[in-house]
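The values are calculated or read from the model by the stated rules, or taken from the named source; none is laboratory data. Since the structure is predicted, the reported quantities are computational estimates derived from the model, not experimental observations. All Cβ positions, glycine included, derive from the backbone under ideal geometry; neighbour counts span all protein chains shown. All accessible areas refer to the heavy atoms of the entire protein, side chains included, with ligands and DNA or RNA removed. Shrake-Rupley method; radii C 1.70, N 1.55, O 1.52, S 1.80 Å.
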Amino acid sequence: MSHRSLSRRPEAPVPVIFYFFGAFLFFFLTLPVNGWRPWPNQKPNATELLYGGSKKYEGSSEFVHLKYHMGPVLTANITVYPIWYGRWGNSQKRIIRDFISSFSAVDSKHPSVAGWWKTVQLYTDQTGANISRTVHLGEEKNDRFYAHGKSLTRLSVQSVIKSAVTARTRPLPLNPKTGVYLLLTSDDVYVQDFCQNVCGFHYFTFPSIVGYTLPYAWVGNSAKLCPGTCAYPFSVPSYMPGFKAVKSPNNDVGVDGMISVIAHEIAEVSTNPLVNAWYAGQDPSFPVEIADLCEGIYGTGGGGSYTGQMLNGEDGATYNMNGDFYCTITFPIENSNITTSEKSW
């Protein structure tokens with residue numbers, strides 16, 4: 001599939017939507033601090049929907065100054081370890097696996113996921129070493145039986161990760177320096193604050209719970225709980241009358257909506273894995289990170305509910321970035337434009 005130095009802060013990554021005919025779509029966001037998503041508790045009026053706060057900042061990094069706080073970033077080859085919690089279809093897993101594999105697919109058709117990732121690579125640590133160019137798909141773990149229940153808190157999310165790295169059979173490897181443990185919850189699992197304030201988040205595990213300090217991210221499938229919020233614009237909430245959803249490139253609204261969030265969280269966990277590296281603001285417990293700067297913007301001109309100029313496939317699906325693996329795919333990603341189409345096997 002075809003799938004940003006210390007002296008001057010690079011531009012934040014661009015939002016992207018990917019497209020895979022019959023497979024998946026990804027959206028990556030990278031705009032201003034006033035990023036936009038149709039959160040139900042905000043109840044925006046029509047003017048705010050059309051001209052949200054993010055529009056006036058588009059393409060600008062002058063309003064928010066990211067600062068390096070001397071903490072580590074992921075400069076060596078990054079390995080992403082997916083943890084599939086709940087019930088997942090094979091096609092859903094393939095979409096997400098192919099997307100992750102696209103980060104290092106340098107021969108992908110432009111605009112590509114790999115091209116978007118080059119922006120993230122511009123961030124450095126105190127030695128001047130850049131974020132890793134290489135992102136690998138690592139070993140995986142499945143929990144089809146909801147061992148920790150179908151309603152998770154932020155702390156029990158860490159318990160799921162503990163189970164994955166301490167399992168009796170085929171535990172995930174311990175990789176605190178270059179690993180990203182990606183917890184993916186199925187569409188029938190609720191995680192604390194899901195749909196109200198977050199569609200995903202990243203942090204690091206506590207030794208008191210897991211036994212180790214491991215960078216991780218969580219992203220949920222919003223298909224049944226809040227697709228109009230976390231899978232926008234592939235779905236539109238009922239409180240936005242007159243707005244029409246765009247066609248999901250891989251015919252899976254929930255998973256296509258997850259792609260942008262996965263991109264968002266991997267970019268941030270790579271540049272701020274222990275919440276003491278790249279961020280803006282005085283409070284590290286509530287930082288403005290690189291992908292927060294462009295949330296909701298997937299193309300030129302975006303602002304408010306308008307995602308920006310994107311691409312359309314022959315089947316009418318919308319995307320902004322290409323991936324590259326066994327077949328071409330299109331993903332939605334913030335702060336970048338990319339597309340894909342199916343290749344012969």
Practice problem: Search the structure for amide H atoms under 5 Å from the amide H of V180, placed 1.01 Å from N in the peptide plane, and list their residues when 5 or more places away or on another chain. | Solution: T79, V80, Y81
Quiz item: Rounded, prolate or oblate: which one fits the stretch 107-163, using the alpha carbon gyration tensor with axes a ≥ b ≥ c (rounded when a/c is under 1.5, else prolate when a/b beats b/c, else oblate)?
Solution: prolate
Quiz prompt | Rotationally averaged projected area of the stretch 189-335 (alpha carbon convex hull; nm²) | solution = 10.7 nm²
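Which of the trypsin sites (Lys or Arg not before Pro) across the stretch 173-258 are loop residues per DSSP, with 14 or fewer other Cβ within 10 Å? Show your work: numbers first, answer last.
On the way: sites: K177, K224, K244, K247; in loops: K177, K224, K244.
Here the trypsin sites (Lys or Arg not before Pro) that fit, given the DSSP loop and packing criteria, are K177, K224, K244.
Given the stretch 154-219, report the % of alpha carbon pairs whose separation exceeds 13 Å.
62 percent
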Quiz item: What ranking of H110, H69 comes out by heavy-atom accessible area, probe 1.4 Å, highest first?
Solution: H110, H69
Quiz item: Under the classification rounded if a/c is under 1.5, otherwise prolate if a/b is larger than b/c and oblate if not, where does the stretch 126-265 fall, given a ≥ b ≥ c as square roots of the Cα gyration tensor eigenvalues?
Solution: prolate
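By average Cβ neighbour count within 10 Å, what is the ranking of 200-211, 286-297, 71-82 from highest down? Walk me through the numbers on the way to the answer.
Values: 200-211: 17.4, 286-297: 25.0, 71-82: 19.9.
Ranking the peptides 200-211, 286-297, 71-82 by packing returns 286-297, 71-82, 200-211.
What does the highest-first list of 99-109, 226-236, 141-151, 262-272 look like by mean Cβ count within 10 Å?
Highest mean packing first, the order is 262-272, 226-236, 99-109, 141-151.
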Quiz prompt | For the stretch 139-183, the Rg and Dmax computed from alpha carbons only, in angstrom | solution = 10.7, 30
Self-check item: Centroid-to-centroid separation of the stretch 80-147 and the stretch 174-246 [C-alpha atoms, Å]
Solution: 15 Å
